[in-house]
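The values are calculated or read from the model by the stated rules, or taken from the named source; none is laboratory data. The structure presented is a predicted model; accordingly, all values stated were derived computationally and were not measured. As a convention, Cβ positions derive from the backbone with ideal geometry for all residues, glycine included, and neighbour counts pool all protein chains shown. Just the protein is used for accessible areas: all its heavy atoms, side chains included, with ligands, DNA and RNA removed. Shrake-Rupley method; radii C 1.70, N 1.55, O 1.52, S 1.80 Å.
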Amino acid sequence: MNEVILKSIHEELVAIRQLLSEARTAPARPAPAPARVAGTPSTYSSAGGDEPIPQPTEVIANPGDVQVHFGKNNGVALSKLSERSLSWYAIEQPPRLDSSGKPYPARPQEATLRNAARTLWHQTRGTLGQPDVVKPAAAAMPAAATESAAHLSDEDNIPF
């Protein structure tokens with residue numbers, strides 16, 4: 001029985017060795033580059049190259065003046081950062097986890113920093129989304145909506 005097992009292991013090793021030698025002799029295929037239309041500005045980060053920078057959920061007024069609130073760039077305005085650093089702040093980062101493995105809740109300053117970085121990224125490339133897709137942060141609620149909200153009765157506030 002041991003010889004049968006040893007023989008099957010030997011056959012597997014020979015097959016693996018053969019596959020490895022074939023893989024070495026095959027020409028290496030380059031990784032496909034992200035598709036890009038000639039003349040259009042890139043919306044891909046220079047850090048990874050293959051991860052697109054999403055549009056901001058809110059357009060931040062004067063995004064270059066927003067300062068980083070943590071890390072080695074603490075206190076540095078986004079306009080002073082390199083393209084690579086700006087793209088790092090613009091992409092979605094994995095959540096930080098507490099000791100039990102649950103993600104910490106997002107802080108408002110992190111969302112503001114991310115949206116400012118995305119706004120600045122797309123402004124410099126001329127790819128900022130349309131106003132109907134992206135809402136400006138400084139825009140207030142329409143006057144009609146504000147007035148109607150002020151005159152709601154208790155029956156209108158029932159959640160069901």
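Remarks
- Asp156 open to solvent by 90 Å² or more (accessible area, probe 1.4 Å) and at pLDDT below 90: yes
- Residue in the stretch 92-125 that is farthest from Gln67 (Cα to Cα), counting only those that are open to solvent by less than 40 Å² (accessible area, probe 1.4 Å) and of a type in the set (D, E, K, R): Arg118
- Any chance Gly75 is open to solvent by less than 50 Å² (accessible area, probe 1.4 Å), farther than 17 Å from Thr124 by Cβ, modelled with pLDDT under 90 and more than 13 Å from the chain's Cα centre (by Cα): no
- Test: residue in the stretch 22-37 that is under 26 Å from Gly129 (Cα atoms) and either surrounded by 10 or more Cβ atoms within 10 Å (Cβ to Cβ) or modelled with pLDDT of 90 or more (or both): yes
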